[in-house]
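Values in this text are rule-based calculations from the coordinates and carry no lab data. A quick note: this is a predicted structure, and the numbers were derived from the prediction, not measured. Here the Cβ is made from the backbone with ideal geometry for all residues, glycine too, and neighbour counts use every protein chain on show.
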Amino acid sequence: MTSSPSDGADTMNRSSKFTFTPQDKAPDPDLGAERIPVDRYTDPAFLTLEDEHIWSKTWLLAGAVCDVAKPGDYFVFENLRESILVTRAADGDIRAFYNVCQHRGNQLKPAGCGYADHLVCGFHGWQYHMDGTLKHIPEAHDFPQGTPADELGLQKLRCETWGGFVWVSMDPDIEPLIDYLGVIPEHLAPYEFEDMVLVADETVEWNCNWKTSVDIFSETYHVRGVHPESEDIADDVNVQMDIYGRHTRFIAPMYIPSPRKIGDDKALNDTLVDYLKSEGFPVEGFNGDVTTLRGAVAAHKRAMTSENGLDFSNLTDDQLTADYHYNIFPNITFNLFGEQMWMFRHRPHPTDPDKMFFDRMIFNRVPKGEVTADARAGAVDLFVELGDGVVEGRPEHVFYRHGEKSSGLLLDQDASCLAGVQRGLHSRGMKGLWISHHERRIRNFHHWWEKYMGV
């Protein structure tokens with residue numbers, strides 16, 4: 001099937017030549033050292049301004065391609081005041097429309113995903129084909145102005161796919177998605193997102209502005225204060241920070257403690273041993289120390305390929321033993337591991353700058369051709385609540401507010417911390433964010449936020 005980019009064409013592969021994910025350090029731009037103002041986090045006026053200058057002018061990750069796998073499938077994506085309907089029509093193309101009937105403005109579908117032969121408005125029964133064209137209007141003869149099909153079809157948005165995700169833009173003149181993403185498709189192609197299986201999907205209402213969430217997932221400086229448990233299993237200090245225009249990356253080594261937690265004997269600590277055992281690593285047979293562990297873990301994962309069927313041939317040893325963490329402007333985070341990918345989407349609350357919606361979708365690597373997956377994927381989800389069952393079909397989307405249930409230790413800690421941050425940002429005593437060099441991904445995000453906002 002051939003389709004134009006606006007009809008959801010996958011724009012990832014311009015070249016079939018394979019390259020490993022680049023690991024070289026990117027140069028740091030000069031972003032200044034001024035305080036970052038706090039009113040952008042707290043003033044309700046910015047909800048409207050961001051809608052006009054950011055959300056309607058960028059590419060937004062709407063959802064997973066697997067939710068529109070066959071003709072008739074659809075899902076609804078919501079961001080601020082907009083509700084966007086993504087469909088796959090009989091011709092196989094994926095399209096995106098404003099989720100609103102052209103008669104009196106009723107929304108056609110609620111949030112979520114499903115299947116329909118065609119779309120029917122629940123207000124007066126207007127009908128649309130899955131490609132957005134008008135199908136039927138009851139008592140059409142009663143409209144003196146007529147019912148022209150070219151005038152009354154659903155209003156279309158730009159829609160393209162990459163990485164197993166559907167991306168939409170409300171800007172008809174925006175550059176193609178492949179150009180907007182820059183180096184990201186080349187960097188992430190080896191992970192083969194399209195072959196991963198969705199094992200968890202949830203939305204949590206957090207008590208903070210969406211930008212504070214982007215901020216905390218841009219640095220590891222907060223680990224010692226917020227995630228002390230992870231200091232025993234991951235290096236939060238020797239973290240490579242890379243800036244690629246509006247998008248950024250960090251590479252955080254795992255399977256080695258923070259330098260603050262490494263003793264003179266360089267022995268494995270108890271938390272790290274438990275972490276390794278949860279992944280099936282033969283700790284008893286390991287004779288090295290924390291300085292040689294990462295190489296041994298990577299070798300073990302490759303040796304297990306014949307048993308678990310997971311193909312790591314496109315990934316380096318460093319990728320098998322580190323968190324490759326990418327932020328896609330404005331609000332997407334990919335946490336990448338050999339066995340698993342976490343996609344975080346930081347969505348604004350439609351009316352309250354002190355709240356946001358934190359979306360988390362978790363995808364597991366599976367043997368080639370498989371469509372089911374165990375919920376867990378080894379050590380990388382030691383602090384994630386996923387259960388132990390096999391995921392058959394699409395997992396149910398779950399919504400809850402922070403505190404109503406656990407999101408896993410690390411996210412619970414992040415959400416709790418950010419609620420306090422948001423309260424503090426309202427203080428007359430807070431003059432602005434004072435950003436370190438380590439936190440330069442935050443500064444870069446705000447540099448681009450200001451460019452889009454015209455500040």
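Quick one: angle between helix 440-453 and the longest Cα principal axis of the chain, in degrees between 0 and 90, rounded to 10, please.
Computed tilt is about 20 degrees.
On C-alpha positions alone, give me the angle between the axis of helix 293-303 and the longest principal axis of the chain, in degrees, nearest 10.
Long axis of 293-303 versus the principal axis of the chain: about 60 degrees.
Distance check, please: which entries in Lys25/Lys211; Lys277/Lys301; Lys57/Lys211; Lys135/Lys156 exceed 19 angstrom between their Cα atoms?
On the way: Lys25/Lys211 25 Å; Lys277/Lys301 13 Å; Lys57/Lys211 17 Å; Lys135/Lys156 16 Å.
The answer is Lys25/Lys211.
Given Cβ point charges of +1 (Lys, Arg) and -1 (Asp, Glu) and nothing else, what value in debye, to the nearest 20, does the dipole of segment 60-173 about its Cα centre take? Intermediate values should be presented prior to the final figure.
Working: 9 positive and 15 negative charges, 47 e Å.
Here the size comes out at about 220 debye.
How far, in degrees from 0 to 90, does helix 409-425 lean away from the longest principal axis of the Cα atoms of the chain, to the nearest 10?
With both axes taken from Cα atoms, the answer is about 70 degrees.
Rounded, prolate or oblate: which fits segment 10-136, taking a ≥ b ≥ c as square roots of the Cα gyration tensor eigenvalues, rounded meaning a/c under 1.5, else prolate when a/b beats b/c?
oblate
Whole-Hz Karplus ³J(HN,Hα) for segment 340-349, in order, using 6.51 cos²θ - 1.76 cosθ + 1.60 and θ = phi - 60°, x for Gly and Pro?
7, 10, 10, 9, 10, 10, 9, 9, x, 6
List the relative contact order of segment 60-173 as a percent without decimals, with contacts defined as Cα pairs under 8 Å and 6+ residues apart.
Relative contact order, segment 60-173: 27 percent.
Highest mean first, what order results for 162-171, 145-154 on Cβ atoms within 10 Å?
162-171, 145-154
Under the rule of at least 5 residues apart or a separate chain, name every residue whose amide H is placed under 5 Å from the amide H of Ala62.
Residues meeting the criterion, in which the H sits 1.01 Å from N, are Val166, Trp167, Val168.
Extension gain Glu370-Gln127, at 0.36 nm per residue separation less the Cα-Cα distance, in nm?
That works out to 83.8 nm of additional length.
Compute the FRET efficiency between Ser313 and His103 as 1/(1 + (r/R0)^6), taking r as their Cβ-Cβ distance and R0 = 51 Å, and round to the nearest 0.05.
0.40
If a cysteine in the chain has no other Cys Cβ under 4.7 Å from its own Cβ, put it on the list, ordered by number.
Lacking a cysteine Cβ partner under 4.7 Å: Cys66, Cys113, Cys159, Cys208, Cys417.
Quick one: compute the contact order of segment 186-262, relative version, from alpha carbon pairs under 8 angstrom and 6+ residues apart, as a percent.
23 percent
At 222 nm, what value in deg cm²/dmol follows for the chain if DSSP H runs of at least 4 each add -39500 (n - 2.57) and the sum is divided by all its residues, to the nearest 500?
-5500 deg cm²/dmol
Mind jotting down the distance between the C-alpha centroids of segment 316-356 and segment 78-128, whole Å?
About 28 Å separates the Cα centre of segment 78-128 from the one of segment 316-356.
What residues have an amide H closer than 5 Å to that of Lys135, excluding those fewer than 5 places away on the same chain, when H is modeled at 1.01 Å from N in the peptide plane?
Under 5 Å from the amide H of Lys135: Gln127, Tyr128, His129.
Using the Karplus curve 6.51 cos²θ - 1.76 cosθ + 1.60 with θ = phi - 60°, what ³J(HN,Hα) values do you get for each residue of segment 162-173, in whole Hz, with x for Gly and Pro?
In residue order, the calculated couplings are 7, x, x, 10, 9, 10, 10, 9, 7, 9, x, 9 Hz.
Using amide H atoms built in the peptide plane, which far-off residues or other-chain residues are under 5 Å from Tyr244 H to H?
Arg249
Can you sort Trp126, Trp434 by how many other beta carbons sit within 10 Å, fewest first?
With the sparsest Cβ surroundings first, the list reads Trp434, Trp126.
Tell me the relative contact order for the chain as a rounded percent, counting alpha carbon contacts under 8 Å between residues six or more apart. It would help to have the intermediate numbers written out before the result.
Working: 867 pairs, mean separation 93.9, N = 455.
Relative contact order here is 21 percent.
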